[in-house]
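Here's the structure we're looking at; comments come further down.
Coordinate-derived values only; no laboratory data. All values derive from a computational prediction rather than experimental measurement. Note: ideal-geometry Cβ built from the backbone for every residue, glycine included; neighbour counts use all protein chains shown.
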Amino acid sequence: MNEDEINIVSGDNYTEVALTLENFLKTNNNVFTFPFLLENNRRVSLWAALFQHLQSKSSESIHVLCLTTIRLLSRDKSELENLICEKWIITLIEKAGLFNFVDPDDTMDVDMPLKEVVVEAMKCLCNIAFNSEVARALCAHTSIAQGLVARLRSYKEIPFKDDIMLYDMKLLFILTALRQDIKVKIKDELHGMDYLISCLNELVLEASEPQCDVAGSREVIEEAHYCFLQDNQLAIVCEILKTQFNLTLQSAENVSEAEESMYLKLMPALTALLYAQTSTQESLMELHSNIANLLTSVPPVFYQYLTPELNDGETALCIYDGRNMDALHALLQLLQYRLSLTTNTKNQYENLSPVLTVLNKSARGCRVQRKYLRLIVLPPLRDVSRPPEQGHTLRNQLCRLLTTPVTSVRDLVAEFLFILCKEKVGRMVKYTGFGNAAGHLAQKGLLGGARGPVCYSSSSEDSDTEEYLQAQPGIDPVVGCTRPPRANPFEGMSDEQKEFEAMKLVNLLDKMMTEGVVRPARVGPDGRPVPVDHVLEMRDHPPNRPQS
């Protein structure tokens, strides 16, 4: 846009202004930077002209075009911090219908602007809030938080709520992620979590209307097993879940009564969403990923509500011990999906950490969930001819991660498998091989074969199959599988040749020790490796063997 065009936009001939803006929008629809506006202060002049029109009632006919142009311009971060002022932010808030509520309990008794104006203004606020810290700070000094929360309660009164709900949630996510003061205000003062949970319930009920009685209770969703989220509903749900993650993310372990009540409302909604279906597998995994992210900040005591007991006449796809395990099975499917996407260590932590954290908390916090997870992840062994890390089962894939260089993922996987084994060293070695488990056992001081904290039931869950019992004598515990008979390398050698080869080995080991390549160790009294000065010390203190 040249200076002549900017002069036209600054004028009051709205027909010419509209034509100029339409041409600009058509040309730059997919453009994200506007370097030509850096010359002769064009950017400031254009922004000022656009907001001047937005503040004038006489130019209402071009308000949508002005807002759309601002939306495109706000993609470019150049000089954005210097451009934004409080007056312009308030103008956008007013055009978005986020009125200045004095009391957040007031109802929306002010007429909403036109749908197109509200939608474009919300898009502008999302872009500007995301790209500008100054804009976020200005938002913190306005009543935008009250307006957003008030609208959460008032969607039924808005005829075009489906068009603006997504952008409301996007703006809430941006502000709660990047402004601590707004986050605290929405969570503590305005009780935003309660209204967000209500929105989730409403969305699931809307998606379930053909299959369930909508007149039923809206607090605890029932019969939501058959809900199908349309793409627009799914996008809104994901933004809500991301915002709820921001609001619940905290380090405090103690849960207040208000938080306990909030979690008791949240868990049935998350469980219902784990039952839901979407148009594609990718979108379903996106939904489950956002749920898993949120669950990482939920105390494990509330995980029991993921697997409710089945009442008379109720059924489910996955049932264990009289409980509906569909939600937990959905999390296992998410883990399997994430494992299939993780072909290298580059994004291993981002892909696997949330769902592994959730499964760890589930297995440790709820006995019946641990038993179900063990049934799926570590079923009774049958074929032990291959090492545990070879194959395509969930157990095989997790065993491969026990030796990943990404230590945070390795520790999460090892802890998960260790919990499923009831923290028994022998059982862990049985399913993973001692070589794969050694690092984790060393960290916990269990190399000597001791058992971890006794916090599990005494009833045995280990039922060895006939195939495993037959192969057990030939299993090498280091690799976790059977090995074919090996030829004796000393066969045909004289005693002198054997002694010569032994001395070569001793000299090589001595050289590696001298140069610091390796350092021998033995298992100390605390179950952790203890360096030794000479290999003969290992003969005086033989290692304890793990007991099953």
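Before moving on, here are some points about what is shown:
- Neighbour cut-off at most 10 other Cβ (10 Å), DSSP loop, GluC sites (Glu not before Pro), the stretch 310-395: none
- Of the GluC sites (Glu not before Pro) in the stretch 1-85, not one is in a loop by DSSP (not H, G, I, E or B) with at most 10 other beta carbons within 10 Å.
- Per residue, the average separation of C-alpha pairs within less than 8 Å and at least 6 apart gives the chain a relative contact order of 8 percent.
- Helix 144-153 vs. the chain, principal-axis angle (Cα, 0 to 90°, nearest 10): 80 degrees
- Potential lengthening of the chain between Arg382 and Glu60 amounts to 108.5 nm, from the contour at 0.36 nm per residue minus the alpha-carbon distance.
- Look at the dipole of the chain built from charges on Cβ: of Pro299, Gly426, Val17, the Cα furthest out on the positive end belongs to Gly426.
- Surface/4 estimate of mean projected area, convex hull on alpha-carbon atoms of the chain, nm²: 35.9 nm²
- Pairs with C-alpha atoms separated by more than 22 Å, drawn from the list Lys115/Lys156; Lys87/Lys187; Lys57/Lys156; Lys346/Lys430, are Lys87/Lys187; Lys57/Lys156; Lys346/Lys430.
- Radius of gyration over Kirkwood radius for the stretch 34-91, both on Cα atoms: the Rg/Rh ratio is 0.96.
- Over the stretch 285-406, the pair-distance histogram of Cα-Cα distances with 5 Å bins from zero comes to 2, 10, 20, 21, 20, 15, 8, 3, 1, 0 percent, rounded to whole numbers.
- DSSP-loop trypsin sites (Lys or Arg not before Pro) across the stretch 378-419, with at most 15 other Cβ within 10 angstrom: Arg382
- The peptide list 122-133, 172-183, put in order of mean Cβ contacts within 10 Å with the highest first, becomes 122-133, 172-183.
- Percent antiparallel among DSSP beta bridges (both partners in the chain, rounded to 5): 90 percent
- Positive-end residue of Val134, Ile93, Asn324, charge dipole of the chain with Cβ unit charges: Asn324
- Only helices enter this figure: runs of n ≥ 4 DSSP H residues, each worth -39500 (n - 2.57), summed and divided by the residues of the chain, yield -17000 deg cm²/dmol at 222 nm to the nearest 500.
- Helix 231-248 and the longest principal axis of the Cα set of the chain meet at an angle near 70°.
- Here's the list of lysines a cross-link from Lys185 could span, going by alpha-carbon distance under 19 Å and ignoring same-chain residues fewer than 8 apart: Lys170, Lys242.
- Within straight-line reach of Lys424, meaning a Cα separation under 28 Å, sit the following lysines at least 8 residues removed in sequence or on another chain: Lys361, Lys371, Lys444.
- Given Lys77/Lys123; Lys77/Lys161; Lys123/Lys161, the pairs whose alpha carbons are separated by over 22 Å: Lys77/Lys161
- Between 0 and 90 degrees, the angle of helix 192-208 with respect to the longest Cα principal axis of the chain falls at about 90 degrees.
- Note on the stretch 500-540: Rg/Rh from C-alpha atoms, Kirkwood Rh, equals 1.05.
- Per-residue Cβ neighbour counts within 10 Å put His392, His288 in the sequence His392, His288, beginning with the fewest.
- Shown for Arg151, Arg71: other C-beta atoms within 10 Å of each C-beta, ranked fewest to most, produce the order Arg71, Arg151.
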